[in-house]
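Please read the structure below before turning to the comments.
The values are calculated or read from the model by the stated rules, or taken from the named source; none is laboratory data. Keep in mind it's a predicted model, so treat the numbers as computed, not measured. In this analysis, Cβ positions are derived from the backbone assuming ideal geometry, glycine residues included, and neighbour counts consider all displayed protein chains.
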Amino acid sequence: MQTGEAIIVRSAEELGAALAIAQGGETIRLAAGRYTNLSLKYNTFPTSVTIEGEPGTVVAGMSVTNSSGITFRNMTFESVCTNGDNYKAGLYVNKSSGITVRGSEFRGAVDDNWLNDGIGIRVDASKAVEVTDSTFHHLFRGGLYRYVEGLNVSNNTVTEVRSDGFDFAAVRNVVVENNYMTNFPVQIGDTTQGGDHKDFIQFWTNGVTYASRDVVIRDNVLIEKGTTTQGIFISSENDLVYRNFLIEGNIVYSSSFHGISVRPAVNTTIRNNTVISTPDGLAAINIDAGTQSGIGSQVIVADNVMTNLRQDAASSAALSGNLLVQGTNADGPNYYANILNNPFNPASADDLAVVGASGVGAQRPAVAPYRISSTADNANGLVKTFSARAFADVLPSGATYHWTFGDGSTARGLEVVHQYGHSGRFDVSLSVTVGGSTTVVSRHEQVTSPLLFNLTFESDGDASDYANVIEWLGGASYISGVDGRAGRFEGSSAARAVTVDRADHLSGLAEMTVSMDVQVNSFAGGGRLFYLPGAYLAQFRGSNLEVTFWSADGTSKKLLADASHLADGGWHRVAVSFDSTQGEASLYMDGTKAATVSGVTEPLAKTGGRDLFVGGAYGSYLNGNIDNFRIYDVALAPAGETAMSEVLASGPRTIQTEPDLVEDAVIDDGSLLQGQAPAPQPGVLLDFRSAGYDSTSGLTLEAKGDVKFGVGEAGTAAAFDGASWVKLGRDERFFTADNVSVSFDFKADQQSATAYQTLLWNHMRYGVTFRGTEMRVALTDVGGVRSDVVVKDAVKHGTWQNVTFEYSRDTGVATVWIDGEQRGSRSGLDIDIGDPASWDVTVGSDGWGKNFVGEIRNMEVMQAAAPAGSTTPLVGCTSTTLRSLALADYSGVTDSTTSMLSVDDSLTSTSEMFTASSLVA
């Protein structure tokens, strides 16, 4: 089955067979009919496979286990219970990642019996899950999410539910946004006697080992109809503490006391919400410290419109700008009807819009959804994708989008990827200008660094954003390290260690990486590298290194490897990764995997405030030295950690921009596509025979990660595995040109419909990327304005292809050729490719995660002037003979001396491939 093809299946067996041969990127359609208890196990795809339902398709129960890269679209999932098993789910996702549900329906029995309905969707122990643009109705509960990291639940409608809308427990990096919930019509049982206790949105800690953290609950509309339903209820049943919640822009209309209730939480903001009680109700914003005195000292409650506010004396929340309103006395202050649009019979956000005050309550426009959306990078919480697509849907072309990120950085574009330099809350604003009129919208963005602990020994504390409190036991001692000073630990005679006080956030993790540089003087007496009692331990047993993990379910896993080479007197890099979402833990020494263990299915145990020890503990102390000790909240292989370290050290920057919809850009309809690719010019060949200095081009090829050089029949290609790339440095010949011509061969081994892969990237200057079969050539002016040439249906899977692009400032035209055929151009450009920037030119990645899987060879970059004939070779300009050899692998070439490809007649016409709509991904 070729990527991009759709196959129709009519049974569970046919679905299993289609998945067995899928490579990634395919679409599988379930024919109309009823499917019962489907089970997908161990289906892993590098790019998402889409399973979509035809009209009339109903899936009565599906489970997805130990799988990744699956999208469900236009499906109907049904959960009907016959024996009171109300926790049966229409779709159950467990121990999986990269699962998306979009545009689907979740339903129960749809009858008058409220006891035979189950849960719409349940997700356990998974990562990178999206549930969007779907409907939930006639269910016991809409959704239940436990131990999920990287979760997006947005733009859904939930009605006619018996108990809760969405429930969350032990989730991290979560967005719950723009959901509409109303009409929970029945009350089953007495709430005080174990009956249903309904909430629109609920977080709990009962039965889990850590509280949820890093959560955004934004712009949800929760309107009670039918029976009493609590609004946003965030409660800890066992004194676990919620952290880093942003609750803003929500509208809650309820007769319950709990409009928005939080207990207990730190570093949490409740801002610009409208929390209104029914006229005879008690709805309030409640801040409760629970049983932990003073825990609410970092809570902000600001600019809300609400019927009531309650906080216990211990919480000490900071209050400002809140407006209390009432619905019982028409002659009294702040009467509902004087403040709100239609407060006594609301059905929508417009009915509860604030009209009698400014700057308070949920700031929701009554017209088109002019909002900013943001998505956090799953591996690096400092990286956010901001999108203005809501504007693009309602405004004409010609609009420009200007961003400020709250950290002093700005950018322009319809969609931008921005990296912050540190954790914190930032005010992000977007100015949209069209026809001389400008609209400004803003939002408050919480970002968190994946680096939880960073002990460099250059100072007396933790260098991470968390600033953990550390203490030397036995007295501080330092020695010259890898880069500066290191910590010196001298065995049992000194009994020296570093402790991290109450390392709560360093336990209970679903993923983790611990890394360090270590120099071992002696194995005598063993020695512990690090130890968090009840969670994880690394210690020497003789000349072996043993690592133990204790999971939340009480089980443990061990890694054991020979470490005798660590005592050779030199410094060595040791790293441990733990990943319960992928079921594996690994030990690395000097970049090589030394041991691995599978069956890791539960997060690490929560330790309840115990200290972390580095260098020794409880009579077992390291005789050696440690430098650069780090803990991340993601599982990283050595190459991944190197890349992450470089990204974190690079500070704030805009990584990627998608251009505005420019009204006066000339879009090629095919009439300009008359030429052939530029004739190759004499010069030098930049091949990829080996890393290091290349004498012909004068460049140094620096490998990042496991790049395979010298592959292919001629030994001139480089192979990239999706976690590796090549740096070419900042040679000035790549820059300061009014004209540029680039050509190279590539073979894509993986294609994703959602993720970009980068072939060549000269950041803020020019580059070549692709997503699925669509290729983009990006050109960026020194002022930061980017213009793309987009070519549809350009990339083929597993086939060698050539791409050539040329830009001439003299003519203002950028042109792209694929396999010798002119496939796209854009005119009216005035781009100045400026001086060398602060980033290296890269091949196989943009350096920030958009990594290529495949091979690249025969790269040419020229400062090519127009008209042709006056070119100045830069690097990689092959002779015609060399060029013909490079093209000999293409099926379209029949003459080995021919330097151009014949055109594949099966391709769609160029005018169909490149249209105005292709400017937007």
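Structure data summary
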read-out	value
Residue in the range 797-806 that is touching a Lys or Arg at 6+ places or on another chain (Cβ under 9 Å), more than 30 Å from Ser650 (Cα to Cα), without any contact (Cβ under 8 Å) to a residue 40 or more places away in the chain and assigned by TED's automatic domain parsing to the domain that holds Ala778 present	no
Every residue from the range 824-848 that is over 23 Å from Phe735 (Cβ atoms) and at pLDDT 90 or above	none
Check on Thr555, in the same structural domain as Thr581 (by TED's automatic domain parsing) and surrounded by fewer than 18 Cβ atoms within 10 Å (Cβ to Cβ)	yes
Close pairs from the range 524-547: first within 18 Å of Leu455 (Cβ to Cβ) and not assigned by TED's automatic domain parsing to the domain that holds Glu490, partner among the aliphatic types (A, V, I, L, M) and surrounded by fewer than 24 Cβ atoms within 10 Å (Cβ to Cβ), Cβ under 6 Å, at least 6 apart	none
Within the range 100-133, tally of residues that are farther than 20 Å from Thr229 by Cβ and not acidic (Asp, Glu)	18
Per-region count, the range 556-581, residues of a type in the set (Lys, Arg) and either over 26 Å from Ala379 (Cβ atoms) or part of a loop (DSSP other than H, G, I, E, B) (or both)	1
Complete set of residues in the range 582-618 that are among the polar types (S, T, N, Q), assigned to a strand (DSSP E or B) and more than 30 Å from Ser522 (Cα to Cα)	Ser598
Given (1) more than 29 Å from Thr581 (Cβ to Cβ); (2) charged (D, E, K, R); (3) modelled with pLDDT of 80 or more, number of the condition Asp393 does not satisfy	(3)
Positions within the range 784-803 being within 9 Å of Ile818 (Cβ to Cβ) and either assigned to a loop (DSSP other than H, G, I, E, B) or of a type in the set (Val, Ile, Thr) (or both), in sequence order	Val791, Ala794, Val795, Val803
Test: residue in the range 477-496 that is of a type outside the set (A, V, I, L, M), without any contact (Cβ under 8 Å) to a residue 60 or more places away in the chain and outside the structural domain of Gly615 (by TED's automatic domain parsing)	no
Elements of type strands (runs of 3 or more DSSP E) contained in the range 397-515, each with 1 or more residues being among the small types (Gly, Ala, Ser) and over 30 Å from Arg573 (Cα atoms)	410-412, 424-434, 437-447
Selection within the range 432-458 - under 20 Å from Leu612 (Cβ atoms) and either more than 32 Å from the chain's Cα centre (by Cα) or of a type in the set (Val, Ile, Thr) (or both)	Thr448, Thr456
Strands (runs of 3 or more DSSP E) contained in the range 195-234 and holding at least 2 residues over 18 Å from Val262 (Cβ atoms) and either outside the structural domain of Phe426 (by TED's automatic domain parsing) or under 31 Å from the mean Cα position of the chain (by Cα) (or both)	221-226
Residue match in the range 859-876 (condition: at pLDDT below 75, in a loop (DSSP other than H, G, I, E, B), buried (at least 21 other Cβ atoms within 10 Å of the Cβ) and assigned by TED's automatic domain parsing to the domain that holds Val768)	yes
Cross-chain or 6+ apart pairs with Cβ under 6 Å, the range 29-51 first and charged (D, E, K, R), then part of a strand (DSSP E or B) and surrounded by 14 or more Cβ atoms within 10 Å (Cβ to Cβ)	Arg29/Glu52; Arg34/Val58; Lys41/Thr65
Residue check, Arg10 over 23 Å from Gly142 (Cβ atoms) and among the charged types (D, E, K, R)	yes
Residues located in the range 315-333, provided they are of a type outside the set (Ser, Thr, Tyr) and either crowded, with 21+ Cβ neighbours inside 10 Å or under 20 Å from Phe257 (Cα atoms) (or both)	Ala317, Leu319, Asn322, Leu323, Leu324, Val325, Gln326, Gly327, Asn329
Hits in the range 114-140 - residues which are farther than 26 Å from Thr375 by Cα and not acidic (Asp, Glu)	Trp114, Leu115, Asn116, Gly118, Ile119, His137, His138, Leu139, Phe140
Verdict on Phe168 being of a type in the set (A, V, I, L, M, F, W, C), in a strand (DSSP E or B) and under 16 Å from Ala89 (Cα atoms)	yes
Selected residue (only one of Val707, Val740, Val790 is closer than 27 Å to Ala637 by Cβ and at pLDDT 75 or above)	Val707
Any hit, the range 67-84, residues being under 27 Å from the mean Cα position of the chain (by Cα), surrounded by 19 or more Cβ atoms within 10 Å (Cβ to Cβ) and either of a type in the set (D, E, K, R) or not assigned by TED's automatic domain parsing to the domain that holds Ile119 (or both)	no
Strands (runs of 3 or more DSSP E) wholly inside the range 100-156 that include at least 3 residues being in contact (Cβ under 8 Å) with a residue 12 or more places away in the chain and closer than 16 Å to Asn183 by Cβ	135-139
Residue among Ser522, Ser492, Ser507, Ser543 that is among the polar types (S, T, N, Q) and under 28 Å from the mean Cα position of the chain (by Cα)	Ser507
Residue identified as at pLDDT 75 or above and over 21 Å from Asn179 (Cα atoms) among Ala347, Ala337	Ala337
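Conditions tested, residue by residue: (1) farther than 29 Å from Gly484 by Cα; (2) surrounded by 23 or more Cβ atoms within 10 Å (Cβ to Cβ); (3) modelled with pLDDT of 90 or more.
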| residue | (1), (2), (3) |
| --- | --- |
| Leu559 | yes, no, yes |
| Arg573 | no, no, yes |
| Ser577 | no, yes, yes |
| Asp590 | no, no, yes |
| Ala595 | yes, no, yes |
| Ser598 | yes, no, yes |
| Gly609 | yes, no, no |
| Gly615 | no, yes, yes |
| Gly619 | no, no, no |
